[in-house]
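**Student:** One structure follows; several queries about it will come next.
Just so you know, all these numbers are worked out from the coordinates, no wet-lab data involved. The model shown is predicted, which means the values in this text are computed figures rather than measured ones. Note: ideal-geometry Cβ built from the backbone for every residue, glycine included; neighbour counts use all protein chains shown.
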């Protein structure tokens, strides 16, 4: 990786930041246990076929996972989120789950619930997860399976979810807002809130593929809602609108934009948590796959990745004048999904311009302005 250029104007602040972050221990990490999934969702940025033997061979072994988790715990990490793909595809899921808990980590799990069996119910009953989160793609077979493209997946989802709920296992439910299920979103929200004591969250913003597969990326684009649809959907949901109004609208101020600075990263990535990919690659966040931003934990150690490599990534700069003068200095950046990670997935460049995200941000800003009566 090229050595980042340090702006002499900000050099004292820069070195202070480096000094502070060098001492900061990670709070936790996400473990992508596998990229394989038994569903084939049109919108998914990572899923590979359940029977993909090459992907399975690339996955970290139980021993490798526990070695990395042990290093994380020694460094001060407190929690781990297990996700995928579909993590329950791993036959050693229970061993991984219990092994992480034995490291003293608070463990959460994201699953589609279609593979939940009695042994999983017993596992979660005896050793509860901090959060067990399940995605609902639809509340009818036609809608659910239009998303998953797997016959029988809706029945498996309902059976697995009911197994958890009937046995008193706390579950949180969420949804993706897609072209394939937008007509059913109000019913999905009602379904989720009725089963999770009112909890429900949804995500209308879809990332492109980590492998940049053009066919799959075309499918993801087809599933994206229009910017105006997203703004209207978020305004119609009281919880979502309240969060946007309370935590984003107040930051739409020109004096808070990043003009005059060429650092690529202004988010919190790599400051308190990290991601361990199914193949052992350390990443600062789940979306960051750009060349030069990953570190192989099969070759090196977590301390080097966290204390030496991560600061190098956060030091990266842009030399794209068009990007620095537009997206990077935009006063409504807090309403936008544009960031170095997402920009790379969209354009192949961390400082590429992303018109779709820009249009969503402006639709949100206009919605908030109209709804709150602000100028």
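**Student:** Sorted from largest down, what three extents in whole angstroms do the Cα atoms of the chain have along their principal axes?
**Tutor:** Principal-axis extents of the Cα atoms in the chain, largest first: 61, 50, 37 Å.
**Student:** Given the convex hull over the Cα atoms of the stretch 82-125, what projected area results after averaging over all orientations, in nm²?
**Tutor:** 3.0
**Student:** Using only DSSP helix segments of four residues or longer, with each worth -39500 (n - 2.57), what per-residue ellipticity at 222 nm results for the chain after dividing by its residue count and rounding to 500?
**Tutor:** Theoretical 222 nm ellipticity from helices: -12000 deg cm²/dmol.
**Student:** So for 154, 210, fewest C-beta neighbours within 10 Å to most, what's the order?
**Tutor:** Values: 154 21, 210 18.
Least crowded to most crowded, the residues run 210, 154.
**Student:** Determine the gain in length on full extension of the stretch residue 221-residue 266; use 0.36 nm per residue of separation and subtract their C-alpha separation, reporting nm with one decimal.
**Tutor:** Full-extension gain reported as 13.5 nm.
**Student:** Okay, moving on. Expected output is a single nm value to one decimal: the length gained when fully extending between residue 301 and residue 242, i.e. 0.36 nm times separation in residues minus the C-alpha distance. What is it?
**Tutor:** Stretched out fully, the residue 301 to residue 242 stretch lengthens by 17.0 nm.
**Student:** Return, ordered by residue number, the residues of the stretch 61-99 whose backbone nitrogen is under 17 Å from a label point located 7 Å along Cα→Cβ of residue 213.
**Tutor:** 84-87
**Student:** Cut-off is 10 Å between beta-carbons; in what order do 367, 75, 271 appear when sorted fewest neighbours first?
**Tutor:** 75, 271, 367
**Student:** Same structure, new question: To the nearest Å, what is the center-to-center distance of the stretch 261-335 and the stretch 88-136, using C-alpha atoms only?
**Tutor:** Answer, in whole Å: 29.
**Student:** Counting other C-beta atoms within 10 Å, which of 108, 287, 338 has the fewest, and how do the rest follow?
**Tutor:** Neighbour counts put them in this order, fewest first: 108, 287, 338.
**Student:** Can you tell me the equivalent ellipsoid semi-axes for the stretch 277-347? Use √(5λ) from the Cα gyration tensor, largest first, whole Å. Walk me through the intermediate numbers first.
**Tutor:** Numbers: eigenvalues 143, 33, 21 Å².
Semi-axes (√(5λ), whole Å): 27, 13, 10.
**Student:** Length gain on complete extension for the stretch residue 321 to residue 162, per 0.36 nm per residue less the alpha carbon to alpha carbon distance?
**Tutor:** Values: separation 159, 0.36 × 159 = 57.24 nm, distance 5.38 nm.
Length difference between fully extended and current span is 51.9 nm.
**Student:** Determine the shape class of the stretch 200-354: with a ≥ b ≥ c the square roots of the Cα gyration tensor eigenvalues, call it rounded for a/c under 1.5, and otherwise prolate if a/b is greater than b/c, oblate otherwise.
**Tutor:** Here the stretch 200-354 falls in the prolate category.
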